[in-house]
Amino acid sequence: MLSPYPQLVIAGFRRHSTYRQAALAGLTTNIVFGLLRAAVLLAVLAQRPVVAGYDVAAAVTFVWLGQGLLTVVLLWGDTELATRIRTGDVVIDLGRPWDLQAALLAGDLGRAGFAVLARLVPPMAFGAALFPIRWPERPATWALFAVAAMLAVVVSFGIRFLLNASAFWLLDARGVFAVWGVVGGVLSGLVIPLAWFPEWARTALAFTPAPSLFQTPIDVFLERGEPVGALAGQAFWAVLLLGVGRVVLHRGSRRLVVQGG
Amino acid sequence: MADRVLLRIVASRIRSQLAYRTSFALHVVAQLIGQGIELVAILVVFTQVTSLGGFDRDEVVLMYALAATAFGLADLSVGQVEELPTYIRTGELDVLLLRPLGTLVQILSADIALKRVGKVVTGLAVLAYAYATSGIDWTPLRVLVAATAPLCGAVIFGAVWVAANTVSFWVVDGREVANSVTYGSNFATSYPITVYGPWLRRVLCFAVPGAFVAYFPALALLGRPDPLGFPLWLQYAPPLVAALAVGGAALVWRAGVRRYQGTGS
Amino acid sequence: MIIQTRGLGRDFVVRRTRIPAVADVGLDVERGEAVGFLGPNGAGKSTTIKMLTGVLVPTAGTARVCGLDPVRERKALARRIGVVFGQRSQLWWDLPLAESFALHGAIHRVPAARHRERLDECVELLDMAAFLSTPVRQLSLGQRMRGEVTAALLHSPELLVLDEPTIGLDLASKERLRTFLAAVNARGDVTLLLTTHDLPDVERLCRRVVVIDKGRVLVDDDLATLRRRFAGNRTLVVDLVEPAGPLHGLHGVVDVAVEAQGMRQRLEFTGSAAGLIAEAARRVEIRDVTVDEPSIEDLVRTLYAS
């Protein structure tokens, strides 16, 4: 018998594809915000034709790709593990003969796969119909972008996994999610290109995984900067976060097993 | 043994309260930052340019502050209406309909989410700063505008919030659709409406009357003519618009409830 | 020996006070047995089960399940046991039942042919064909529990632990599940360990009963012996069309209680309910009857009293 993880990827895809109406409703919000954010960035570019390396085409691509990646990378709304810890259902997850973190990651990759079809492609198509999107000039960029997007999902998973695992100690992790929910978007280059931030802020953010989430895949798509180094940075954060996540899960489940919750 | 078990239960309750209190504190912090993070975005934009849609930094911050305060107040008072889909799904709405009280009032008063205070605090702080620093030439009329604008804005947002969430009576995933209107108009009103194209402006600034929350009151306070050429009296129209919005929202809500009672599902 | 514990104990520390949830449980269960694990709420049943399945570390004593140390060899053990929690689900809420089964099989690395065979058998015996493609969240509780039990059996476990499997089910669903579990156990390759508050569960499935209270084994005996010694009798509740005097002297009746001015009578009896009803019907006009089984609580209460 094969490893169960490929099947868990497919299951993640299938689970999320059952909520099609919700995906459609979410798409409406994505598109409305895309229009608003594009308007603001275009108003900025009305002052100067190029701001920190972004011209009109790069800026609208930044907006629409960001709106599309939003639910693929998934900053908000993944509270499943925390809920299962709070309700005690995590006992079932810990009782299975699998690697819980790997299983959840597999499911999340499947989820992201569905999101690419349902939530990334439509806003990009919408944006391309109304705005001058800057498409990659080199064919290899598409492959690099696919890798960058996948690494962004893994980094995001690593962060969400840690947020969720905080429920082993806090029980109610909703406050933690709320804080991440409000800072995550701006710090990861979803709202405003990080290149527009002051020098000191960019330097500080470079020491965090935040830019790996949106700024890096978008930069790769826009062919800004050197892609291989950017991907290596993402991979570094992915490995580090997953590693820390393993330790935290081990500690958390040990706490559950030893102290009895 | 029995009282030991009781002790254990009580102890675990206290412990979970403490744990949840951490979560509560984090929620308030999140709300404080959440409202402020939009300001950060505005300030970042102004590190690159000196004007946006024909307005300088302090003027845009004033609009942001008016919108943020109004949104925070609206969220605090009618934010609970977002839970309408939950009420419908769990059948709790039927219970509310059986009581001799207004349905909406019951939903809104079900949970006074104190954690939402954070948003108002941030909004008011930035508003006080903006009033003090944006060089307003204070006259009695402008004092009146400064005092009433956040309240009128809150009423307008509140009405929009109620009307938009009424969509849940018709659509299953209505909350997400409503979000695009409620949070969308909040985002839209934080910037001068001159940045938007004509269609977006018509929908999110006038059909949803977001322009009267921050843009027009800000023009009145700053004593600026409207770059878009709208008549001067619109700058003093927010109280009227607020009244109309409330009337409109009440009609929409009533239609929604009637529809719910009609289908009975 | 599939379960073997010696002096198994578990303390919880609450405010620097040690509270023993399980004090001293010694248990030997042979392969193929079906054991009812009973006790009042808070007696330590769930804590013991958690220790046997490796999700809780004992603070005293030892446990071996399938010859393994449950905590240290949890993953290996998980491949060899199946666990059903009546109040928790191991199925994937938003996937069709069939896909939950496929995933479960993959996680346990069940070979495809074996999976197919096992699944077909369960689907037939539990009559699940009609709702295999329904998402789990849309199943009734009875249908879902059939799914839970199937999932727990797909990897051919040596031990099936059932924690309140019939809680909240209607009578027909309970009966279907009991029949199925009895058949599974009868084949001799699956050992059952069952906690429940429902005496008929135990009667249908278990030959042996272990009662624990305050974290200690109170009784470990054959069910028939136990009933003879401790359990109360059944009670026939008769609702009459017209008031009547106490129905003394019926065959097998040991006590009569009259309620509602003689409109309802409670007959505590031994032997067959059918015969008793027929006999009573000859004496009075009956509107309705119900039979109250002596509950586990009654049995346990009797045990404490003795």
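Please verify whether A:Phe221 is open to solvent by less than 10 Å² (accessible area, probe 1.4 Å) and in contact (Cβ under 8 Å) with a residue 12 or more places away in the chain, treating the condition exactly as stated. Judged against the criteria, A:Phe221 is a match. Residues that are assigned to a helix (DSSP H, G or I) and not hydrophobic (A, V, I, L, M, F, W, C) were ranked within the stretch A:136-159; the one that is farthest from the other protein chains (Cβ to nearest Cβ) is A:Thr141. The residues of the stretch C:111-131 that are hydrophobic (A, V, I, L, M, F, W, C) and either touching a strand residue (DSSP E or B) at 6+ places or on another chain (Cβ under 7 Å) or part of a helix (DSSP H, G or I) (or both), listed by number, are C:Ala112, C:Ala113, C:Leu119, C:Cys122, C:Val123, C:Leu125, C:Ala129, C:Ala130, C:Phe131. C:Asp255 meets each of the listed conditions (1) in contact with a helix residue (DSSP H, G or I) (Cβ under 9 Å, 6 or more places away or on another chain); (2) farther than 30 Å from C:Glu148 by Cα; (3) among the acidic types (Asp, Glu) apart from (1).
Going by the conditions given, is B:Val105 under 18 Å from the mean Cα position of the chain (by Cα), open to solvent by 10 Å² or more (accessible area, probe 1.4 Å) and over 25 Å from B:Ile193 (Cβ atoms)? It is true that B:Val105 is under 18 Å from the mean Cα position of the chain (by Cα), open to solvent by 10 Å² or more (accessible area, probe 1.4 Å) and over 25 Å from B:Ile193 (Cβ atoms).
Suppose the filter is open to solvent by 30 Å² or more (accessible area, probe 1.4 Å) and either more than 14 Å from chain A (Cβ to nearest Cβ) or in contact (Cβ under 8 Å) with a residue 40 or more places away in the chain (or both); does B:Ala242 pass it? No. Could you tell me whether any residue of the stretch B:117-136 is in a loop (DSSP other than H, G, I, E, B) and either among the hydroxyl-bearing types (Ser, Thr, Tyr) or surrounded by 13 or more Cβ atoms within 10 Å (Cβ to Cβ) (or both)? So far as the stretch B:117-136 goes, yes, one or more of its residues are in a loop (DSSP other than H, G, I, E, B) and either among the hydroxyl-bearing types (Ser, Thr, Tyr) or surrounded by 13 or more Cβ atoms within 10 Å (Cβ to Cβ) (or both). Checking each residue of the stretch B:203-213 against the condition of being touching a Phe, Trp or Tyr at 6+ places or on another chain (Cβ under 8 Å), at pLDDT 95 or above and either within 19 Å of A:Thr29 (Cβ to Cβ) or assigned to a loop (DSSP other than H, G, I, E, B) (or both) gives at least one match.
Every listed requirement among (1) open to solvent by 10 Å² or more (accessible area, probe 1.4 Å); (2) facing chain B (nearest Cβ under 9 Å); (3) at pLDDT 90 or above; (4) over 19 Å from the mean Cα position of the chain (by Cα) is met by A:Leu41 save one, (1).
Residues that are farther than 30 Å from A:Ser253 by Cα and in contact (Cβ under 8 Å) with a residue 24 or more places away in the chain occur at least once in the stretch A:148-159. Residue under question is C:Gly36, and the condition is that it be without any contact (Cβ under 8 Å) to a residue 60 or more places away in the chain, closer than 15 Å to C:Thr195 by Cβ, surrounded by 16 or more Cβ atoms within 10 Å (Cβ to Cβ) and under 19 Å from the mean Cα position of the chain (by Cα); does it hold? For C:Gly36, the condition - without any contact (Cβ under 8 Å) to a residue 60 or more places away in the chain, closer than 15 Å to C:Thr195 by Cβ, surrounded by 16 or more Cβ atoms within 10 Å (Cβ to Cβ) and under 19 Å from the mean Cα position of the chain (by Cα) - is not met.
Candidates are the residues of the stretch C:52-110 that are outside any strand (DSSP E or B), touching a Cys at 6+ places or on another chain (Cβ under 9 Å) and open to solvent by less than 20 Å² (accessible area, probe 1.4 Å); the one that is farthest from the other protein chains (Cβ to nearest Cβ) is C:Phe101.
Scanning the stretch C:12-34 for residues that are more than 14 Å from chain B (Cβ to nearest Cβ) and part of a strand (DSSP E or B) returns C:Asp24, C:Val25, C:Gly26, C:Leu27, C:Asp28, C:Val29, C:Ala34.
Scanning the stretch B:148-200 for residues that are of a type in the set (Asp, Glu) and either within 21 Å of B:Tyr215 (Cα to Cα) or in a helix (DSSP H, G or I) (or both) yields a single hit, B:Glu176. How about the stretch C:260-302: which of its residues are more than 30 Å from C:Leu223 (Cβ to Cβ) and at pLDDT below 85? Of everything in the stretch C:260-302, those that are more than 30 Å from C:Leu223 (Cβ to Cβ) and at pLDDT below 85 turn out to be C:Ala260, C:Gln261, C:Gly262. Looking across the stretch A:191-203, the residues that are open to solvent by 20 Å² or more (accessible area, probe 1.4 Å) and either at pLDDT 95 or above or of a type outside the set (A, V, I, L, M) (or both) come down to A:Pro198, A:Glu199, A:Trp200, A:Arg202, A:Thr203. Just to be sure, is B:Ala65 open to solvent by less than 20 Å² (accessible area, probe 1.4 Å) and of a type in the set (Gly, Ala, Ser)? Yes, satisfied. Here A:Ala57, A:Ala23, A:Ala82 are screened, and the one residue that is of a type in the set (A, V, I, L, M), in a helix (DSSP H, G or I), within 11 Å of another protein chain (Cβ to nearest Cβ) and surrounded by fewer than 22 Cβ atoms within 10 Å (Cβ to Cβ) is A:Ala23. Has the stretch C:132-143 got any residue that is within 8 Å of chain A (Cβ to nearest Cβ) and at positive phi? For the stretch C:132-143, residues within 8 Å of chain A (Cβ to nearest Cβ) and at positive phi: absent. Across the stretch A:178-232, the number of residues qualifying as touching a Gly at 6+ places or on another chain (Cβ under 8 Å), more than 14 Å from chain B (Cβ to nearest Cβ) and part of a helix (DSSP H, G or I) comes to 6.
Listed by first and then second residue, the pairs linking a residue in the stretch C:173-201 that is among the aromatic types (Phe, Trp, Tyr) to a residue that is open to solvent by 10 Å² or more (accessible area, probe 1.4 Å), with Cβ atoms under 7 Å apart and 6 or more places separating them unless they lie on different chains, are C:Phe180/C:Leu125. Of all residues in the stretch B:151-160, one or more are more than 28 Å from A:Leu27 (Cα to Cα), open to solvent by less than 50 Å² (accessible area, probe 1.4 Å), more than 9 Å from every other protein chain (Cβ to nearest Cβ) and not aliphatic (A, V, I, L, M).
For the stretch A:160-172, the set of residues classified as more than 7 Å from chain B (Cβ to nearest Cβ) and open to solvent by less than 20 Å² (accessible area, probe 1.4 Å) consists of A:Arg160, A:Phe161, A:Asn164, A:Ala165, A:Ala167, A:Phe168, listed by residue number. Among the residues making up the stretch B:27-55, those that are open to solvent by less than 40 Å² (accessible area, probe 1.4 Å), within 7 Å of chain A (Cβ to nearest Cβ) and outside any loop (DSSP other than H, G, I, E, B) are B:His27, B:Ala30, B:Gly34, B:Ile37, B:Ala41, B:Val44, B:Val45, B:Gln48, B:Leu52.
The values are calculated or read from the model by the stated rules, or taken from the named source; none is laboratory data. Owing to the predicted nature of the structure, the values given are computational and were not obtained by experimental measurement. A quick note on method: Cβ atoms are made from the backbone with ideal geometry, for glycine too, and the neighbour counts reach across all protein chains shown. For accessibility, only protein heavy atoms count, side chains too; no ligands or nucleic acids. Shrake-Rupley method; radii C 1.70, N 1.55, O 1.52, S 1.80 Å.
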